[in-house]
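**Q** Shown below is the structure under consideration.
Read-outs: derived from the displayed coordinates by stated rules, not from any lab. Source: prediction; values computed, not measured. Note that we place each Cβ from the backbone using ideal geometry, even for glycine, and neighbour counts take in every protein chain shown.
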Amino acid sequence: MIIYEDFSIYIEKEESEIPWLKIFTKEPYRELGDVPKGLRTKLWETYDLVEYEMTHYYHPKKINMASFANILPRVHIHIMARFENDSYFPNPVWGEKLRESSLTLPSEEEFLKRVFNALTSKHN
């Protein structure tokens, strides 16, 4: 599900037990070094804003950031809020599941609205 979009980037929500967003460039650049400097700056400013909102809304133990792009070979950045009692912690979410989790988190709708409003204010 796309939660934010403008002329150069969009953000998708990943279905997961943890808060997890992915930032994409609209142009399918293969490597971060292929992205024009101005857009790279925008990517990192967007990442900073999403991380800030995620940290201050959910108060996770850690924020994980990843950009493997092996299966989907285009620039995109994963941002995940991690909690000591999530199913995989301290492993990566792509790793071995360690337990069944029963996270109780604040409203996802409110978080997504906060991210959308912050991005709209920043990029418009």
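**Q** As I understand it, the value is the acute angle between the Cα axis of helix 37-58 and the longest principal axis of the Cα atoms of the chain; what does it come to in degrees, rounded to 10?
**A** Value to nearest ten degrees: 20.
**Q** Further question: Which angle between 0 and 90 degrees, to the nearest 10, do you get for helix 108-123 versus the longest principal axis of the chain when only C-alpha atoms count?
**A** For helix 108-123, the angle is close to 20 degrees.
**Q** Hey, another quick one. Could you give the size of the charge dipole of the chain about its Cα centre, using +1 on the Cβ of each K and R and -1 on the Cβ of each D and E, expressed in debye and rounded to the nearest 20?
**A** 340
**Q** Turning to a different aspect of this structure: What is the distance in Å between the Cα centroid of the range 50-71 and that of the range 86-124?
**A** 7
**Q** Restricted to Cα positions, what overall size does the chain have along the principal axes? Three whole-Å values, descending.
**A** Taking max minus min along each principal axis of the Cα atoms, the chain gives 41, 32, 21 Å.
**Q** Take Ser107, Ser101 and order them by how many other Cβ atoms sit within 10 Å, fewest up front.
**A** Lowest count first: Ser107, Ser101.
**Q** Would you mind finding the longest exposed-site-free stretch of the chain, with exposed chymotrypsin sites (Phe, Trp or Tyr not before Pro) meaning DSSP loop and at most 11 other Cβ atoms within 10 Å?
**A** 8-67
**Q** Return the FRET efficiency for the residue pair Asp34, Ser101: r is the Cβ-Cβ distance, R0 is 30 Å, and the value is rounded to the nearest 0.05.
**A** 0.20
**Q** Something else about it: Given a 10 angstrom Cα cut-off, can you work out which residue in Thr55, Thr41, Thr25 is the most mobile in a GNM of the chain?
**A** Looking only at Thr55, Thr41, Thr25, the biggest GNM fluctuation is shown by Thr41.
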